[in-house]
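Visitor: Just dropping this structure here.
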Amino acid sequence: MNSRERLLSVLKGNKVDRLPCICPGGMMNMIITELMERTGIMWPDAHIDANKMADLAAAVYEYGMFENYGVPFCMTIEAEAMGAGIDMGSKIFEPHVVDYVIDSVSEYNKLKALDVNSGRAKVTIDAISILNNKGSGVPIVGNLSGPISVASSLMEPVTYYKELRRKREDSHKFMEFVTEQIIKFGQAQVEAGADLITISDPSGTGEILGPKYFEEYAVKYLNMLIDGIREVDKDFPIIVHICGQMRSVYSQINELKADAFSFDAVVNIKEIRKHMEDKILMGNISSFALQSANEEKIKRMTENSINSGINIVSPACGLGTQSPMKNIQAILKTVRGEN
Amino acid sequence: MARLKEELLKELSDCVFEMEDEKVISVAQEYIDTGYDPLEGITEGLVDGMNRAGVMYEEEEYFITDLLICSDAMYNGLNVLRPHLPQNKLEGEKTYKCVIGVVEGDTHDIGKNLVRIMLETAGFEIYDLGRDVPLRNFIDKAKEVDADLICLSTLMTTTMPGMKKVVEMLKEENMYGKVKVMIGGGPVSQAYCDKIEAHGYSPNAVEAVKLAKSLVGMGIPAK
């Protein structure tokens, strides 16, 4: 069983020889400075050049860090395509939004439409094609930023969150427009050869929104996005990552149409399993520990994670770029039973 | 006939607690027009409402968006009451100063903004440096305003080491201890706080107020 077959089998609930071990990319960053230095492929160059992006993504697999390829390496591509100003970061910092586009949800018609044939959306699509042409049996993960995270990158988040409640009609129009743009990017990733897509929506958490608005905005537009991607391929595998404590939204999370769910380190897998019995769960090795602990500790954390009933072993959040490579490799070694 | 002070204080508190950001303006105006004490209107009315909202947040009945709307109501009320406060502060009353910001490399500031609101509610004088803040700026601002507290936030693992650097810079400048450092944000934990020798970690905005007060000794009578 190669790593692509293993991951796709798990996502459809089928039996496998052992657990897959992946880190998707996107918000769930898997690139570390040590890998850039060893390969000579540096950020921010790899954010804007399809060959470099593909080579750096492939290096993650080749250096024994994770059993997947994943692109892009940030969550700013959608917002940039709609007009937001981006600081491209450095070999330490990820790209981040520095200029908003609109002042209110009501101004959504001032946003640019996302064009998959230009800018960094095209770079990402091209990188997926390059990785797909390798035919290496390594699963290719495309990544999207979730609708609330993109929307709150286009305007001041405090104003955005308030207007979700005060200007509901316009908020829904805004969210529909944003989601339609992300769908275009997702469909192009599928067509370019991605095996699965991970959607990360760190700004749309239960802790921020509460159950009522989580359902009205997070669940609704994540599902619209998932349905949109599956217009191209009706069984296309999708993972959703949501940050923060989930207690307040256990019942709402079950309405999401994703195949698998990824949570951050504050979520106890045994606890959430009671509320999501038949779901595929991914996670949730503390990215803080990966940056600061030693291999022995990480081996134990990985064993605990496997014993807690996780289906896909993965970091709980994006990796810190200063994490040592040997710490990251310790997860996969443990999953493979190598040490 | 004029309404009783207690009745109006309760209504000010309720307006904040129940997110009545427009009604609070007329209630605050009525309170002032009747000649009641503006400071009491703030502390026993508006801030009381915000504190009640904070309790609901701790009980997971209110969420971050609820607190943001409550704070709008509080600020609208403050805009009416504040101009009527006496100009000179009481002799010997200490103002606790806090520099707050999201560390360099990160622009997620929703948590930081909420902590700022809650600290302001508690009476701290806030110097908000915003988001993606170069680390040196925290030290320079703390020095400039003679701050008691620096609050650092990040939601990204990548930018967490910036918190450690701020602590180290404070030590180099011999400001560590005189200025306390409080940290928070998604991937941050008590273990990280201990490791980098920050003075305190808070998992949420309500806890942050309790922690900030205890770190600077606010509300503890001077000996």
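Read-outs: derived from the displayed coordinates by stated rules, not from any lab. Predicted model, so just to flag it, every value in this text is computed and none were measured. We place every Cβ from the backbone using ideal geometry, glycine too, and count neighbours over all the protein chains shown.
Visitor: Can you list the aspartates and glutamates whose alpha carbon is less than 18 Å from that of A:Lys184, not counting same-chain residues fewer than 8 positions off?
Guide: Within the straight-line limit of under 18 Å, A:Lys184 reaches these aspartates and glutamates: A:Glu78, A:Glu80, A:Asp115, A:Asp126, A:Glu176, A:Asp195, A:Asp201, A:Asp227, A:Glu231, A:Asp233, A:Asp235.
Visitor: Can I ask one more? Pairs A:Lys110/A:Lys212; B:Lys112/B:Lys210; A:Lys15/A:Lys270; A:Lys326/B:Lys195: which are spaced more than 23 Å apart, C-alpha to C-alpha?
Guide: Over 23 Å Cα-Cα: A:Lys110/A:Lys212.
Visitor: Okay, which of region B:21-38 sit inside 20 Å, backbone N to the point 7 Å along the Cα-Cβ direction of B:Glu7?
Guide: B:23-38
Visitor: Using only Cα atoms, find the angle between the long axis of helix B:23-33 and the longest principal axis of chain B, and express it within 0 to 90 degrees, rounded to the nearest 10.
Guide: Tilt of helix B:23-33: around 70 degrees.
Visitor: Could you pull out every residue, at least 5 positions away or on a different chain, whose amide H is within less than 5 Å of the one on B:Tyr96? Hs are placed 1.01 Å off N in the peptide plane, and Pro or chain starts have none.
Guide: The list, which skips near neighbours in sequence, is B:Glu125.
Visitor: From the P(r) of region B:5-84, can you give the percent of Cα pairs sitting at distances over 14 Å?
Guide: More than 14 Å apart: 52 percent of the Cα pairs in region B:5-84.
Visitor: Where q = 0.17, 0.19 Å⁻¹, what log10 of I(q)/I(0) comes from the Debye formula for region A:197-321, counting one point per Cα?
Guide: Reported log10 I(q)/I(0), two decimals: -0.87, -1.05.
Visitor: Tell me the mean residue ellipticity at 222 nm calculated for chain A from its helices only (DSSP H runs of n ≥ 4, each -39500 (n - 2.57), averaged over every residue, nearest 500).
Guide: -13500 deg cm²/dmol
Visitor: OK, next. Considering only DSSP states other than H, G, I, E and B, which GluC sites (Glu not before Pro) in region A:226-328 qualify as loop sites with at most 10 other Cβ atoms within 10 Å?
Guide: Listed in order of number, the matching sites are A:Glu277.
Visitor: I would also like to ask the following. Going by Cα centres, region B:65-137 and region A:39-60 are how many Å apart?
Guide: Between the Cα centres of region B:65-137 and region A:39-60 lies a distance of 41 Å.
Visitor: With unit charges on the beta carbon (Lys/Arg positive, Asp/Glu negative), name the residue among B:Thr154, B:Val188, B:Val166 whose Cα is farthest towards the positive pole of the charge dipole of region B:97-216.
Guide: Highest projection toward the positive end goes to B:Val188.
Visitor: Treat every Asp and Glu Cβ in region B:5-84 as -1 and every Lys and Arg Cβ as +1, leave all other atoms uncharged, and give the resulting dipole magnitude about the Cα centre to the nearest 20 debye.
Guide: Dipole of region B:5-84, to the nearest 20 debye: 340 debye.
Visitor: On to the next question. Enumerate the amide H contacts of B:Asp106 below 5 Å, restricted to partners 5 or more residues apart or on another chain; note that Pro and chain-start residues carry no placed amide H.
Guide: B:Asp132, B:Val133
Visitor: Would you work out which of A:Tyr213, A:Leu8, A:Ile148 lies farthest towards the positive end of the dipole of the protein assembly as shown? Charges go on Cβ: Lys and Arg +1, Asp and Glu -1.
Guide: Result: A:Leu8, furthest along the dipole toward the positive end.
Visitor: Would you mind counting up the charge near A:Gly26? Only other residues with Cβ under 12 Å from its Cβ, with Lys and Arg at +1 and Asp and Glu at -1.
Guide: Result for the neighbourhood of A:Gly26: -3.
Visitor: Same structure, new question: Quick one: which residues, 5 or more positions from A:Val98 or on another chain, have an amide H under 5 Å from its amide H? H modelled 1.01 Å from N in the peptide plane, none for Pro or chain starts.
Guide: The list, which skips near neighbours in sequence, is A:Gly85, A:Ile86, A:Asp87.
Visitor: With θ set to phi - 60°, apply the Karplus curve 6.51 cos²θ - 1.76 cosθ + 1.60 along region B:70-85 and write out the HN-Hα couplings as whole Hz, x wherever there is a Gly or Pro.
Guide: Values per residue, Gly and Pro as x: 4, 5, 4, 4, 4, 5, 4, x, 4, 4, 7, 7, 4, x, 9, 6 Hz.
Visitor: Right, something else. Using +1 on the beta carbon of Lys and Arg, -1 on that of Asp and Glu, and nothing else charged, what's the dipole of the protein assembly as shown about the Cα centre, debye to 20?
Guide: Roughly 1600 debye, rounded to the nearest 20.
Visitor: To make sure I understand, if each residue's beta carbon is the centre and we count other beta carbons within 10 Å, what order do A:His47, A:His172, A:His241 fall in, fewest to most?
Guide: A:His172, A:His47, A:His241
Visitor: Using all alpha carbons of region A:114-198, what is the percent of pairwise distances in each 5 Å bin, ordered from the shortest bin to the longest?
Guide: The calculated distribution, bin by bin, is 3, 14, 21, 19, 14, 11, 9, 5, 3, 1, 0.
Visitor: Which of A:Asp201, A:Asp235 comes first, and how do the rest follow, when ranked by fewest Cβ neighbours within 10 Å?
Guide: Ordered by Cβ neighbours within 10 Å, fewest first: A:Asp235, A:Asp201.
Visitor: For the pairs A:Lys134/A:Lys279; A:Lys122/A:Lys173; B:Lys94/B:Lys141; B:Lys143/B:Lys213, flag any whose C-alpha to C-alpha distance is greater than 29 Å.
Guide: A:Lys134/A:Lys279
Visitor: Would you mind ranking A:Val116, A:Val123 by Cβ crowding within 10 Å, fewest neighbours first?
Guide: So the residues, fewest neighbours to most, are A:Val116, A:Val123.
Visitor: Could you state the angle between the C-alpha long axis of helix B:161-172 and the longest principal axis of the C-alpha atoms of chain B, as a value from 0 to 90 degrees rounded to the nearest 10?
Guide: Relative to chain B, helix B:161-172 is tipped by roughly 80 degrees.
Visitor: Three principal axis extents, largest first, for the C-alpha atoms of region B:85-223, in Å?
Guide: Principal axes ranked by extent give 46, 30, 24 Å for the Cα atoms.
Visitor: Taking 2.2 N^0.38 Å as the expected size of a compact globular protein, what ratio does the Cα radius of gyration of region B:1-150 give against it, to two decimals?
Guide: The value comes to 1.15.
Visitor: Convex hull over the alpha-carbon atoms of the protein assembly as shown: what's its volume per residue in Å³?
Guide: Given the Cα convex hull of the protein assembly as shown, per-residue volume reads 155 Å³.
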